[in-house]
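**Student:** Handing you this structure, nothing more for now.
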Amino acid sequence: MPTGYVHHPHYLWHDTGTSAGLIPAAPLAGVAPGAHIESPDTTRRIHELVHACGLLRDLVPIEPRQATMVELLRVHTGAYVQHLQEQSDLRGGGDAGDGFSPVGRGSAEIARLAAGGLVDLVTAVAEGDVTNGYALLRPPGHHATADTGMGFCLINNIAVAARHAQEELGFARVAVVDVDVHHGNGTQAIFYTDPSVLTISLHQAGCFPPDSGGVEENGAGDGLGYALNVPLPPGSGQAAYLHAMHQVVLPALDRFTPDLILVAAGFDGNAWDPLARQMLCADSYRQIGRLLVDAADRLCHGRLVAAHEGGYNPWYVPHCALAFLEELAGITTPVTDPYAAIAEPYASGPLLPHQREAIDEAAYLVDRIATATNTAA
Ligand code: 9RB
Ligand code: ZN
């Protein structure tokens, strides 16, 4: 069965305004206005590459619609949804809560279109129209918590899709694998006490949010053991990521036996990303994609849905995203990574002892996940 694909022009019209990279322009404080780093450019270039390389022809397009209030309120508070709408209705836009999450005019509706597109993609997987899928959406979602936007994120798209999968589609157990270079703190917080949603985040230690995503954050109450974090030291490359996949992510998925795997697909762990210091190349994302697709085949009939998150190098991220998407679709296009000769040597350094130690600390926690045979339900 084919791969679904969600995209929409409004995703590119989410206006993050003038900034200096990621902080609001402040001319009187010497911060000159320029483009915000989470601009449409990179996302547009991904979509254009998916089209230009011919892959788009083989994907099943899914036309997004706005998430309903019922869908949003499974995850977010009414007060936050109202705040977001009010900011979005302002002539000049506003912010979703932390001062780093710009809301342009109409961005509330666009954020709902992003969440709703992901919900419909998950539904298409459940109904067997597609095996898996990719939602190339903006704004991103993984930092947004129940009651605030954060780190460019307005609505937690993955959390809304996970709750929809559980409440409308009969998928009892959902696993979220977050490979964005930043900690998936919002998704983790939303499901922190819930053992029916396993959250796993691979990220650069201490990058963003500050003081978030340590290995000791492991869930609470009934959810103890069902939040996993692999904080990787700065400078980690493909060897560290693949070690983390084999020692933590795949064993955790095998124990958890999800009915559906959701992937927070950020490509800001690439070696040229301005917002982090990791060393991945396009082929690293291909390999990570392959391992996740194989896990989904083994555990849940191939049901895997990826939501776009971060990635800020406009000329390299499209090749990373294409490599990942090719693995979902099981199709290799004629376009190969034009930067491979430079990027692969960066990515292919050996696994260093301090990286192994960080990963192995997380690997000890995998045993806390109950296996199917020792779960009562
Ligand atoms: C803070 C600052 C950030 C830094 C990185 C991101 C990346 C998000 C992403 C967002 C906001 C500054 C906390 C500057 O790609 N997620 O996947 N903000 N960083 N000053 N302060 C106090
Ligand atoms: Zn990120």
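The values are calculated or read from the model by the stated rules, or taken from the named source; none is laboratory data. Small disclaimer: the values here were computed from a predicted structure and weren't measured. Heavy atoms of the whole protein, side chains included, go into the accessibility calculation; ligands, DNA and RNA do not. Shrake-Rupley method; radii C 1.70, N 1.55, O 1.52, S 1.80 Å.
**Student:** Among ALA159, ALA79, ALA135, determine the one that fluctuates most according to a GNM of the chain built with springs between C-alpha atoms less than 10 Å apart.
**Tutor:** In the Gaussian network model the winner is ALA79.
**Student:** What ratio of Cα Rg to 2.2 N^0.38 Å holds for the stretch 71-179?
**Tutor:** 1.07
**Student:** ³J(HN,Hα) across the stretch 18-34 via Karplus (A = 6.51, B = -1.76, C = 1.60, θ = phi - 60°), whole Hz, x for Gly/Pro?
**Tutor:** Going residue by residue, I get 8, 8, 10, x, 10, 10, x, 4, 8, x, 6, 9, x, 9, 6, x, x Hz, with x marking Gly and Pro.
**Student:** List the residues, sorted by chain then number, that are 5 or more residues from VAL176 or on another chain and whose placed amide H is less than 5 Å from its amide H.
**Tutor:** The answer is LEU198, THR199, ILE200, LEU262.
**Student:** A further question follows. Over the stretch 1-103, one equal point on each Cα, no solvent: what is log10 I(q)/I(0) by the Debye formula at q = 0.15, 0.17 Å⁻¹?
**Tutor:** -0.85, -0.98
**Student:** Sticking with this structure for a sec: Nearest 5 is fine: what % of DSSP beta bridges in the chain come out antiparallel, could you say?
**Tutor:** 20 percent
**Student:** Which percent of the accessible area of the chain is formed by carbon and sulfur heavy atoms (probe 1.4 angstrom)?
**Tutor:** Percent of accessible area from carbon and sulfur atoms in the chain: 55.
**Student:** Which whole-percent values make up P(r) of the stretch 3-43 when all C-alpha to C-alpha distances are grouped in 5 Å steps starting at zero?
**Tutor:** 6, 23, 22, 16, 12, 9, 5, 3, 2, 1
**Student:** Highest GNM mean-square fluctuation, the chain, Cα pairs closer than 10 Å: which of GLU86, GLU127, GLU71?
**Tutor:** GLU127
**Student:** Sorted by accessible area with a 1.4 angstrom probe, largest first, how do THR42, THR371 fall?
**Tutor:** Solvent-accessible surface, decreasing: THR371, THR42.
**Student:** Right, something else. Cut-off 10 angstrom, C-alpha nodes, Gaussian network model of the chain. Which of THR18, THR131, THR187 fluctuates the most?
**Tutor:** THR18
**Student:** Long-range amide H contacts for VAL335: which residues qualify at under 5 Å (H placed 1.01 Å from N, peptide plane, sequence gap of 5 or more or a different chain)?
**Tutor:** Counting only residues 5 or more places away or on other chains, the set is empty.
**Student:** Sorted from largest down, give the three principal axis spans of the alpha carbons of the chain, whole angstrom values.
**Tutor:** Computed over the chain, the largest-to-smallest principal extents equal 58, 48, 43 Å.
**Student:** Rounded if a/c is under 1.5, else prolate if a/b beats b/c, else oblate: with a ≥ b ≥ c from the C-alpha gyration tensor eigenvalues square-rooted, which is the stretch 231-373?
**Tutor:** Judged from the Cα gyration tensor, the stretch 231-373 comes out oblate (a/c at least 1.5, b/c at or above a/b).
**Student:** Give me the accessible area of GLU327, 1.4 Å probe, in Å² rounded to the nearest 10.
**Tutor:** Here the residue's solvent-accessible area equals roughly 30 Å².
**Student:** Continuing with this model, one more query. Using modelled amide H (1.01 Å from N, peptide plane; none on Pro or chain starts), what sits under 5 Å from the amide H of VAL31, excluding residues fewer than 5 places away?
**Tutor:** Those qualifying (amide H under 5 Å, at least 5 residues apart or on another chain) are ALA26.
**Student:** Please list, in order along the stretch 175-192, the HN-Hα scalar couplings obtained from phi with the Karplus expression 6.51 cos²θ - 1.76 cosθ + 1.60 (θ = phi - 60°), rounded to whole Hz, x for Gly and Pro.
**Tutor:** Result, ordered by residue: 10, 10, 10, 10, 9, 4, 6, 9, 5, x, 5, x, 4, 4, 5, 5, 10, 4 Hz.
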